[in-house]
Each structure stands twice: as C-alpha cells, then as structure tokens.
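Report on the structure given below.
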Amino acid sequence: MILKEGMLKEGALKGKNILITGGGTGLGKSMGEYFLELGANLVITSRKLDVLEATAKEMMGQKGGKVLPLSCDVREIEQVEKMWEDAVTEFGEIHVVLNNAAGNFISPTERLSTNAFNTVLDIVLKGTSQVTLTAGKDWISKKQTGTFLNIVTTYAWTGSGYVVPSAAAKAGVLAMTRSLAVEWAKYGIRSNAIAPGPFPTEGAWSRLLPGELVKKFDPAKKVPVGRVGEHQELANLAAYLVSDFSSFVNGEVMTIDGGEWLKGAGEFNNLDKIPQEMWDMMEASRGKKP
Ligand code: COA
C-alpha cells in the first residue's frame with residue numbers, strides 16, 4: 001500500500017546527522033527509521049536510556065547507519081547541554097534537530113495541579129526552547145547551517161479544552177518556529193513545524209484515550225478522509241522538511257490530519273449527518289424534480 005511506502009529517493013538524507021528528541025518510541029522512532037533508510041545517522045534522546053539503547057540496536061540492525069542513544073530530560077538545561085556536547089563529539093556536526101519530545105495529560109483543567117500543568121509546559125515549551133537554543137547558539141558560533149523541525153499539533157492555533165497546558169505550550173513552540181525562521185535565516189538556519197492529526201502510537205494513545213475511551217471516541221470518525229494516519233505518511237513529510245529538497249520552505253507549519261481540524265471549524269460541516277433522502281425532500285419542497 002502506497003501509504004506505507006517511502007517517498008524520497010534513495011540517499012536523500014545521506015551525510016546528514018539528525019538529532020531526534022523523544023526518538024526512542026512512537027512517532028519519533030518511526031521518523032528516525034525512515035531517516036536512517038535514506039542514509040542519515042541519528043542521535044536519539046529521551047529520559048529512558050534502556051529504551052533508547054534497545055531502539056538504537058534494533059534500528060541499526062534493520063536499517064544500517066549509526067544511531068547514538070543519549071539520555072536527556074529536555075527540562076534540564078545541564079542535561080541538554082551535555083547531550084549536545086556528546087552528540088557533537090561523536091558526529092562532529094549535527095545538521096538537523098527534530099524537536100519531537102512531548103508530554104500531555106488529558107484532564108479537566110481545574111483538576112490539574114500546578115505541578116502537573118508546569119510539567120507539560122516544561123517538557124513541551126521549555127524543553128523545545130532549551131534544545132533549540134543550545135543547538136542554534138552552537139551552529140551560529142561555528143558558522144554552521146542547520147534545520148529545525150518542530151512537532152506541534154493542530155490545536156496549537158485553535159486551542160483545545162482538556163489539554164490546555166499542551167495547547168498553550170505548543171502554541172508557544174509554533175510562535176518560536178515562525179519567529180526563528182525569520183531571525184535565524186541569515187545564519188542559514190531554517191525552522192519549520194508539522195502539525196499531525198491522529199497517528200496511533202502505543203504510548204500516547206493508551207495515555208490519552210485509555211481503555212474503553214478509544215472505542216467511544218474513535219479518532220478516525222472525526223477525520224473527513226475516514227481514517228487515522230500511517231506513520232510512514234508522517235515520516236515522508238518529515239524527511240522532506242529536513243532534507244535539502246525543502247530548502248525554500250521556512251517558517252511553515254504543515255498540517256497532516258486528513259482534514260480533521262477543518263472539519264471541526266467549518267460552521268456547516270456537521271451537515272454530513274443529513275441523509276440523502278432528506279436532501280431529496282428539501283429539493284422537492286423547492287419544486288426541483290428528482
Ligand atoms: N493527569 C493529571 N496529572 C498528572 C497525570 C495525569 N495523567 N500524570 C501525572 N500527573 C501529575 C502528577 O500528579 C504530578 O503532580 P503533583 O506533584 O501535583 O502530584 C505532576 O503531574 C508530575 O507528575 P510526575 O509523574 O512526577 O511527572 P514526571 O516528570 O515523572 O513525568 C511525563 C511526566 C509527562 C514525562 C510522564 O507522564 C510521561 O512520561 N508521559 C509520557 C509522555 C507523554 O505524555 N507523551 C504524550 C505525547 S502527546
């Protein structure tokens with residue numbers, strides 16, 4: 001099936017060293033696997049070194065290339081700086097940073113403790129800004145070019161109830177992406193973002209829609225194209241945006257959600273619940289012959 005096929009030509013990311021935060025599992029892992037397939041080397045980071053090491057071994061066994069696992073809590077600047085130093089020591093230069101690490105709690109906002117709210121803000125907004133500044137300052141001081149790709153979400157611009165700290169933090173990441181796209185373009189640093197809709201992952205989905213909830217709120221039902229996303233579809237877009245083929249794309253956020261957010265936004269979109277017979281009746285009442 002074409003949805004599961006890689007899109008870019010062989011070697012499209014050859015010579016690129018790509019750092020992925022939250023790269024040990026889920027969507028970060030899927031994107032990393034495709035980058036490797038296209039000739040890149042990877043640094044994958046998260047808090048869980050054992051998970052990263054297992055992923056790195058699996059990836060290198062299946063796809064070849066080099067994968068360096070480094071433990072790093074993006075909330076801690078000392079850990080971010082050490083991680084960056086180790087990555088640069090290993091590879092000489094990192095060309096791409098994919099800010100993918102995130103945290104999210106689904107909850108009525110009034111039930112969240114201050115610490116819970118801050119935890120999500122810290123991972124998503126502070127974590128992304130700390131990794132971005134650490135990499136960006138290093139690139140600028142060494143006169144190296146670079147590319148940022150930030151994973152946001154479609155509710156970064158609409159907002160969303162029940163994930164308020166995530167919405168607030170992702171909106172910040174989106175603003176940062178667009179701001180730095182302009183400010184740092186003079187240094188040869190591009191910044192773009194992807195806003196993914198529903199892409200099933202074991203971690204996020206079991207947390208965000210636990211147990212029976214996933215059946216009750218089947219995410220595919222909210223998507224005009226009638227399905228959720230395939231990881232490869234996201235990986236194809238990400239690979240394009242970190243590759244040199246997208247050199248003229250800067251400050252863009254690309255939505256990949258099958259039309260999900262627009263469906264919620266358009267005032268009359270829920271009229272798709274009206275059956276054909278009712279439209280026939282309405283036409284007939286206007287005097288139109290069947
Ligand atoms: N709902 C509401 N509050 C929650 C929560 C939940 N599901 N889980 C934890 N919290 C609260 C805790 O009670 C704590 O607040 P308190 O000190 O006032 O009690 C606060 O959040 C921090 O929790 P803690 O478990 O100490 O945080 P942590 O730093 O160890 O881990 C995450 C936080 C987000 C990293 C962890 O939950 C995680 O690994 N999540 C998986 C990643 C993820 O969420 N991905 C989603 C991508 S969309």
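The values are calculated or read from the model by the stated rules, or taken from the named source; none is laboratory data. None of the values given here were measured: they were computed from a predicted structure. As a convention, Cβ positions derive from the backbone with ideal geometry for all residues, glycine included, and neighbour counts pool all protein chains shown. The accessibility values were calculated without ligands, DNA or RNA, using every heavy atom of the protein model including side chains. Shrake-Rupley method; radii C 1.70, N 1.55, O 1.52, S 1.80 Å.
Things worth noting here:
- Values of log10 I(q)/I(0), in the order q = 0.17, 0.19, 0.30 Å⁻¹, for the range 97-145 under a Debye, Cα-only, solvent-free model: -0.59, -0.66, -1.05
- With every protein chain in place, the range 57-189: carbon and sulfur % of accessible area (1.4 Å): 53 percent
- Solvent-accessible surface of protein heavy atoms, probed at 1.4 angstrom with all chains present, puts Trp139, Trp261 in the order Trp261, Trp139, largest first.
- Alpha carbon convex hull of the range 29-112, projected area averaged over orientations, nm²: 6.7 nm²
- Note on surface exposure: Phe245, Phe105, Phe148 rank Phe245, Phe105, Phe148 by accessible area, highest first, 1.4 Å probe.
- About its Cα centre, the chain has a charge dipole of approximately 420 debye under the convention of +1 per Lys or Arg Cβ and -1 per Asp or Glu Cβ, with nothing else charged.
- Considering helices alone, the calculated mean residue ellipticity of the chain at 222 nm is -13000 deg cm²/dmol, with DSSP H runs of length four and up weighted by -39500 (n - 2.57) and normalised per residue.
- For the range 31-76, the pair-distance distribution built from all alpha carbon pairs, in bins 10 Å wide starting at 0, is 32, 51, 16, 1 percent.
- Compactness of the range 69-155, taken as the C-alpha radius of gyration over 2.2 N^0.38 Å, stands at 1.23.
- Once the convex hull of all Cα atoms in the chain is built, its volume per residue stands at 170 Å³.
- Qualifying lysines (Cα of each under 23 Å from Cα of Lys9; at least 8 residues distant if same chain): Lys29, Lys63, Lys66
- Of all aspartates and glutamates in the structure, the ones whose alpha carbon falls short of 19 Å from that of Lys48, not counting any fewer than 8 places away in one chain, are Glu33, Glu58, Asp73, Glu76, Glu78, Glu81, Glu85, Asp86, Asp122, Glu202.
- Solvent exposure of the range 1-46 as accessible area per residue, Å², 1.4 Å probe: 41 Å²
- A Förster distance of 30 Å, applied to the separation of the beta-carbon atoms of Leu112 and Lys215, puts the FRET efficiency at 0.75.
- As a ratio to 2.2 N^0.38 Å, the alpha-carbon radius of gyration computed for the range 132-290 takes the value 1.37.
- Distance between the 7 Å Cα→Cβ label points at Tyr187 and Leu3: 4.0 nm.
- Remark: accessible surface ordering of Phe117, Phe91, Phe199 (largest first) is Phe117, Phe91, Phe199, probe radius 1.4 Å.
- For the range 114-270: accessible area per residue (Å², 1.4 Å): 48 Å²
- Proximal lysines to Lys216, defined as alpha-carbon separation beneath 25 angstrom and excluding residues fewer than eight positions away on the same chain: Lys263, Lys273
- Dimensions (Å) - the range 176-253, Cα atoms, principal axes, largest first: 50, 22, 21
- Sorted into 10 angstrom bins from 0, the C-alpha pair distances of the range 9-54 split as 31, 51, 16, 1 percent.
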